[in-house]
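For reference, the structure discussed in these notes is given below.
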Amino acid sequence: MMGIMSGNLFRIGELAKAAGISERTIDYYTKLGLISPEKRTLKNYRLYSSETLSTLERINQLKQEKYTLDEIKERLDRWKSVADDSEMTEKLTKLEIQMKQLERDVKELNPLLSELKPSQAKEVLANILPKGAACIESLQILLNQFTSM
């Protein structure tokens with residue numbers, strides 16, 4: 001088995017090892033169109049780029065968040081259509097996962113807060129509010145940049 005080739009291309013076995021998944025899973029994701037080989041060798045070996053490795057990491061993150069493969073494909077396609085930069089799509093995916101997690105946490109926290117004494121609830125909110133406001137402000141800045149385009 002040859003090592004990682006020039007231009008940072010991986011054969012399927014190398015990619016599977018680097019991503020910590022089976023070659024069979026890579027075959028499956030390729031058939032589904034979640035990933036695609038960069039090119040093929042003369043002996044018809046598929047070669048994958050290092051961007052594919054980061055895509056596999058994003059797929060794994062989304063799977064851990066209980067997204068189906070169809071939903072994952074839709075998200076990857078959507079991010080790819082807006083930004084071909086893998087670093088940006090990685091950050092957008094991460095942001096989407098974090099916002100979904102935050103939404104779930106807030107829903108779970110709501111009933112618990114109502115069970116607290118008013119003084120306890122005030123204390124909790126006093127600790128959360130500054131960070132929450134900073135988060136909302138960051139999202140507002142991001143949204144304003146998009147709406148002003």
Rolling a 1.4 angstrom probe over the protein heavy atoms, how many square angstrom per residue are accessible across the chain? 73
When the chain is modelled as a GNM with alpha-carbon springs shorter than 10 Å, which of 56, 112, 102 fluctuates the most? 112
Give the angle, between 0 and 90 degrees and rounded to the nearest 10, that separates the Cα long axis of helix 69-82 from the longest principal axis of the Cα atoms of the chain. 90
With an 8 Å cut-off on Cα pairs and a minimum separation of 6 or more residues, tell me the relative contact order of the chain in percent. 15
Scan the stretch 35-141 for trypsin sites (Lys or Arg not before Pro) in coil per DSSP, keeping those whose Cβ has at most 14 other Cβ atoms within 10 Å, and list them by number. 43, 66
For the chain, what number results from the quotient of the Cα radius of gyration and 2.2 N^0.38 Å? 1.41
Contact order relative to length of the stretch 6-83, as percent, for alpha carbon pairs under 8 angstrom and 6 or more apart: 29
For residue 66 and residue 44 in one chain, what is 0.36 nm times their gap in residues minus the Cα-Cα distance, to one decimal in nm? 4.5 nm
Per-residue ellipticity at 222 nm for the chain, helices alone: DSSP H runs ≥ 4 residues times -39500 (n - 2.57), over residue total, nearest 500 deg cm²/dmol? -24000 deg cm²/dmol
Which residue fluctuates the most in the chain, going by a Gaussian network model with Cα springs under 10 Å, if the choices are 69, 109, 32? 109
Can you send over the carbon and sulfur percentage of the accessible area for the stretch 5-119, probe radius 1.4 Å, protein chains only? 51
What residue among 111, 37, 130 has the largest mean-square fluctuation in a Gaussian network model of the chain, using Cα springs under 10 Å? 130
Mean shadow area of the stretch 73-121 over all directions, Cα convex hull, nm²: 4.6
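The values are calculated or read from the model by the stated rules, or taken from the named source; none is laboratory data. Small disclaimer: the values here were computed from a predicted structure and weren't measured. No Cβ is skipped: glycine too gets one built from the backbone with ideal geometry, and neighbour counts run over all protein chains shown. Keep in mind that these areas ignore ligands, DNA and RNA; they rest on the heavy atoms of the full protein, side chains included. Shrake-Rupley method; radii C 1.70, N 1.55, O 1.52, S 1.80 Å.
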